[in-house]
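The values are calculated or read from the model by the stated rules, or taken from the named source; none is laboratory data. From a predicted model like this one, the values you see are computed outputs, not experimental measurements. Backbone-built Cβ (ideal geometry, glycine too); neighbour counts: all protein chains shown.
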Amino acid sequence: MTEDDNLPSLKDFEKRLEATRKRTAPPDPHEGSAGRGISGGLAQAMRVGMEMLAALLVGLALGWFLDEWLGTRPWLMLVCLLFGMTAGILNAYRVSRRLMQDPAAFDHPDEKN
Amino acid sequence: MTVAHAAGSPLEQFKITRLVEMEVGGLDVSFTNSAVWMVVVIVAISVSLLFAMRKGSMVPGRGQSVAELSYEFVANMVRDNVGSAGRAYFPFIFSLFMFILFANILGLIPYAFTVTSHIIVTFAMAITVFLGVTVIGLIKHRMRFFTLFLPKGIPMVIAPFLVIIELFSYLARPITLSLRLFANMMAGHTLLKVFGGFVVALGFLGIGPFVFIIALYGLELMVAFLQAYVFAILTCLYLNDALHLHH
Amino acid sequence: MPQLDFADFAPQIVWLIITFALLYAVLARLVLPRIAEVLEERQDRIADDLEQAESLRKEAQAALEAYEAALNEARSDAHITAQVAHAKLAEEAAAQNEELEAKINAQASEAEARINEMRVQARDEIRKLARTAARQVTARLIGLDPGDAATDAAIDRRLKEGV
């Protein structure tokens, strides 16, 4: 019968139109990006270590400059170093918590919250 | 850089050489090998993008597709992480991403110099982002900007300590940002250099390290992209923090 | 590490600023607006095409629906026609049947009448034969002719007695 020939082609067209619509719609932002698997654990460990090191360096530098300025060597540097270490641990904790929740977070490093 | 300097130290590839000595008002502005590659990077970006978009056809060719893809990649990144408020900063983030990406990738060419393997370059970029973002946040929110350092629902007794710690954590941002890019680039290129040395030293037997070098090149290409991406997306996130203050 | 040579910091920063500013200018002024323009144009074009495709699809859908409705109508029409024809045929058949039956009945009753007639005739014949035979037999036996009337009466009596 002719209707059996017509009906599927129109359905098919509809389907294809819908698919095209979806394809041309703004793309999904959270598509994965390259280099997830290979970067692996070493990169993550490096990242956590870097967080600690960076905050420590900030504490060290800030303390040194404050000591120079106020002539309180070495006390402010020690205090700032302590704060720097704490901040480093805090940052490292935030990063590793994110990494643990979602290993893909390495590709979407998110340091807020 | 892998084969050429096989005899020298793996760190020699990072050496700055002054090609044209210059000085302006006591400031050393010599044109160095690093500057050469910075120029190469921006020329490569501009020329390839302009060339790819020369026709601007409805149905893009391969080059045009890549150019459009890079545009949309960064545009999506900015939109998803900053929202519509980030639109004004899109050209800057796109430039930043492309600059780092091209510097990383062009640095992989043998004999090339990697601009981003110098901490001062990555730090200059990171501190620019950091200061820019902080200034944007201060202009937009004035004193309210400092609530970024005070988590909600914290007892007043430990609040000052937490503010200091959060401040340190905030100040650490440009350091981590620059250190990450610098360390990745330097480590990768040093490794390539070391194994390049093996290939030359072993001569005929160097086929093993040679295969390894090929694999390492693939990995380094990926790292080159990933690091540019990480730098750009962290810039977006910092910008988002400053614009919307939800820490 | 050559990276920590402080004397090299200044030229790198200066040239980074110069090159990056140039890059930013070229990208922001030339390249990005161009790409944005092309993308927008294409997006518009695609949206237009999709819209057109959608309206065409709707048209096709409507045509299909009209076709189906027409088909259904035709089908029900055909059904009714068939029913009418069927009824007419049945009626005709019934009429024919009736006629035939009447004819057969008429023929049957005719035949029956003829049979009856023949029976009566046969009975009369038999009676006549019986009368003649009875008179002759009686005459032969007792030499006396009882006559027609007496014979008939005797025969009737015998018949009534159910011989």
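Values as computed for the structure displayed
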| quantity | calculated |
| --- | --- |
| Residue in the stretch C:7-66 that is farthest from B:Gly63 (Cα to Cα), counting only those that are more than 7 Å from chain B (Cβ to nearest Cβ) and among the basic types (Lys, Arg) | C:Lys58 |
| Residue that is surrounded by the fewest Cβ atoms within 10 Å (Cβ to Cβ) [pool: residues in the stretch B:53-84 that are more than 9 Å from every other protein chain (Cβ to nearest Cβ) and touching a helix residue (DSSP H, G or I) at 6+ places or on another chain (Cβ under 6 Å)] | B:Gly63 |
| Condition broken by B:Met185, with the remaining ones in (1) within 9 Å of another protein chain (Cβ to nearest Cβ); (2) in contact (Cβ under 8 Å) with a residue 60 or more places away in the chain satisfied | (1) |
| A:Gly71, sole failed condition from (1) surrounded by 12 or more Cβ atoms within 10 Å (Cβ to Cβ); (2) modelled with pLDDT of 75 or more | (1) |
| Cβ-Cβ under 8 Å pairs, at least 6 apart or on other chains, the stretch B:226-247 side under 14 Å from B:Thr176 (Cα atoms), far side among the hydroxyl-bearing types (Ser, Thr, Tyr) | B:Gln227/B:Thr116 |
| Members of the stretch B:98-110 that are farther than 15 Å from B:Phe182 by Cα and modelled with pLDDT of 95 or more | B:Met98 |
| Unique match (being within 20 Å of the chain's Cα centre (by Cα), within 11 Å of chain C (Cβ to nearest Cβ) and over 23 Å from B:Tyr170 (Cα atoms)) among B:Val121, B:Val115 | B:Val115 |
| Qualifying position, being on the phi < 0 side of the Ramachandran plot, out of contact with any helix residue (DSSP H, G or I) (no Cβ under 6 Å at 6 or more places or on another chain) and more than 10 Å from chain A (Cβ to nearest Cβ), among B:Gly203, B:Gly196 | B:Gly196 |
| Selection status of B:Val47, over 21 Å from B:His118 (Cα atoms), more than 19 Å from the chain's Cα centre (by Cα), of a type outside the set (Gly, Ala, Ser) and loosely packed, with under 15 Cβ neighbours inside 10 Å | yes |
| Hey, B:Ile119 hydrophobic (A, V, I, L, M, F, W, C), modelled with pLDDT of 90 or more and buried (at least 17 other Cβ atoms within 10 Å of the Cβ) or not | yes |
| B:Arg144 being crowded, with 17+ Cβ neighbours inside 10 Å, modelled with pLDDT of 85 or more and of a type in the set (Lys, Arg) | no |
| Residue within the stretch B:151-165 that is buried (at least 20 other Cβ atoms within 10 Å of the Cβ), touching a residue at least 40 places away in the same chain (Cβ under 8 Å) and assigned to a helix (DSSP H, G or I) present | no |
| Hits in the stretch B:177-202 - residues which are among the β-branched types (Val, Ile, Thr) and surrounded by 20 or more Cβ atoms within 10 Å (Cβ to Cβ) | B:Val199 |
| Condition met for C:Ala139 (surrounded by 11 or more Cβ atoms within 10 Å (Cβ to Cβ), in contact with an Asp or Glu (Cβ under 9 Å, 6 or more places away or on another chain) and assigned to a helix (DSSP H, G or I)) | yes |
| The stretch C:1-21, residues that are out of contact with any Leu (no Cβ under 7 Å at 6 or more places or on another chain) and surrounded by fewer than 16 Cβ atoms within 10 Å (Cβ to Cβ) | C:Leu4, C:Asp5, C:Phe6, C:Ala7, C:Ile17, C:Ile18, C:Ala21 |
| Residue tally, condition within 22 Å of B:Gly25 (Cα to Cα) and touching a His at 6+ places or on another chain (Cβ under 7 Å), over the stretch C:1-32 | 1 |
| Meets criteria (of a type in the set (Phe, Trp, Tyr), buried (at least 19 other Cβ atoms within 10 Å of the Cβ) and within 9 Å of chain A (Cβ to nearest Cβ)) for B:Phe231 | no |
| Qualifying position, being at pLDDT 75 or above, more than 22 Å from B:Ala187 (Cα to Cα), outside any loop (DSSP other than H, G, I, E, B) and more than 9 Å from chain B (Cβ to nearest Cβ), among A:Thr20, A:Thr86 | A:Thr20 |
| Some residue of the stretch B:12-23 being surrounded by fewer than 16 Cβ atoms within 10 Å (Cβ to Cβ) and aromatic (Phe, Trp, Tyr) | no |
| Per-region count, the stretch C:22-76, residues of a type outside the set (A, V, I, L, M), over 60 Å from the mean Cα position of the chain (by Cα) and surrounded by 15 or more Cβ atoms within 10 Å (Cβ to Cβ) | 2 |
